[in-house]
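Beneath this line is the structure, given in structure tokens, with notes to follow.
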Amino acid sequence: MARVIVDVMPKPEILDPQGKAVTGALKRLGFEGLTVRQGKRFEVDIEGELTDERVAQVREAAEKLLANTVIEAFDVRVEQ
Amino acid sequence: MSRIGVVTFPGSLDDHDAQRAVALAGHEPVALWHSHESLQGVDAVILPGGFSYGDYLRCGAIARFSPIMTEVIQGANQGLPVLGICNGFQVLCESHLLPGALIRNDVRTFVCRDQALRVESVDTVWTSAFQQGQEITIVLKNGEGGYVADPGTIERLEGENQVVFRYLNGNPNGSMNDIAGVTNARGNVVGLMPHPEHNMEELTSPSLDGRAFFASLERFLAAVVG
């Protein structure tokens with residue numbers, strides 16, 4: 001079964017309170033100089049043959065539901 | 001007496017408070033279920049607060065695709081008055097009935113307080129009974145109430161008088177331009193993070209400022225019928 005990965009990240013200009021909290025926690029743990037932004041990873045398993053059309057479908061799903069493009073950017077790729 | 005629908009999604013919390021507020025304002029509350037495909041001919045719709053569908057994915061993201069929302073979106077585009085409160089505001093943004101989005105509070109904590117607001121626009125179905133610039137107090141309680149939009153959208157909202165409420169005495173959640181509520185271009189759809197349905201009764205409310213939302217709606221509906 002083919003797997004397509006959709007990564008969703010808050011846009012750079014949008015505040016990321018979760019990433020800031022993680023960044024602060026890392027610093028407290030002694031990890032210096034690490035800045036984190038937190039996003040989401042979706043693993044989409046596709047039944048049948050993986051075609052360009054199917055990948056385009058996942059892209060459409062990402063645009064419609066998985067990401068809110070007002071605040072988030074997404075990337076779609078086929079897992080090798 | 002008008003019939004005002006209140007949508008219940010799985011995870012809605014304040015649907016009964018909203019229904020009660022409708023009744024206190026002298027109208028007939030009509031319970032609308034998320035999986036139904038009819039608005040039952042209501043005169044207006046309230047999307048209440050809570051955590052629809054567990055707020056999974058993003059607040060309001062899954063509720064936006066529930067069957068009842070297809071009807072709400074169609075109605076809103078034809079001028080049906082729609083008020084989104086807190087989670088309802090998030091649903092309206094996810095539906096693109098209102099611009100922008102709500103993200104986690106910049107303070108990273110849930111905020112619950114009596115919130116001072118300024119009424120910035122009385123040119124909406126839900127705020128015409130307020131005075132322009134009136135300072136009111138409405139209960140605020142949320143974890144993801146930070147209003148954001150791209151700079152062009154913020155500029156347009158400010159320029160077109162679509163910012164309806166602004167936070168006073170400190171921004172509780174990092175909202176851009178202290179925005180607490182916005183409307184669409186037509187003024188029939190309003191969304192805000194604070195909860196006017198909790199400001200209807202002297203016993204339990206910091207103010208009675210929620211009542212003016214319904215007084216505004218009454219004016220609008222009376223004018224439509226007239």
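What follows draws every value from the coordinates through simple rules; no lab data is involved. Given the structure is predicted, the values throughout are model-derived calculations rather than measurements. So basically every Cβ, Gly included, is an ideal-geometry build from the backbone, and we count neighbours across all protein chains shown.
What to note about this one:
- Cα gyration tensor shape of chain B, rounded if a/c is under 1.5, else prolate or oblate by comparing a/b with b/c: rounded
- Positive-end residue of A:Val76, B:Ser207, B:Val7, charge dipole of the protein assembly as shown with Cβ unit charges: B:Ser207
- Per residue of A:58-69, other chain Cβ atoms within 10 Å of the residue Cβ number 2 on average.
- Couplings 3J(HN,Hα) of region B:184-195, computed from phi: 7, 4, 7, x, 8, 10, 10, x, 8, 6, x, 10 Hz, in residue order, whole Hz [Karplus 6.51 cos²θ - 1.76 cosθ + 1.60, θ = phi - 60°; x for Gly and Pro].
- Shape of region B:95-200, Cα gyration tensor, a/c cut at 1.5: oblate
- Its Cα centre serving as origin, region A:2-78 has a Cβ charge dipole (Lys and Arg +1, Asp and Glu -1) of approximately 540 debye.
- Here the label points at B:Ser35 and A:Gln18, each 7 Å from Cα along the C-beta direction, are separated by 2.8 nm in the simple model.
- Between A:Ala61 and A:Lys11, the simple spin-label model (points 7 angstrom out along Cα→Cβ) gives 2.5 nm.
- 222 nm mean residue ellipticity, helices alone, for the protein assembly as shown (DSSP H n ≥ 4; -39,500 (n - 2.57); rounded to 500): -7500 deg cm²/dmol
- Selection from B:Val164, B:Leu80, B:Met176 lying farthest towards where the dipole of chain B points positive, charges on Cβ: B:Met176
- Rounded to the nearest 20, the size of the Cβ-charge dipole of chain B about its Cα centre is 160 debye, with Lys and Arg at +1 and Asp and Glu at -1.
- Short to long, the 10 Å bins of the Cα pair-distance histogram for region B:26-144 hold 12, 39, 36, 12, 0 percent of all pairs.
- Chain lengthening between A:Leu50 and A:Val78 when straightened (0.36 nm per residue, less Cα-Cα): 9.2 nm
- 21 Å Cα-Cα threshold exceeded, pairs from A:Lys11/A:Lys40; A:Lys40/B:Lys141; A:Lys40/A:Lys64; A:Lys27/B:Lys141: A:Lys40/B:Lys141; A:Lys27/B:Lys141
- Dipole magnitude of the protein assembly as shown, debye to nearest 20 (Cβ charges: Lys/Arg +1, Asp/Glu -1, about Cα centre): 540 debye
- Extending 7 Å from Cα along the Cβ direction at B:Ala222 and again at B:Phe65 yields two label points whose distance is 4.3 nm.
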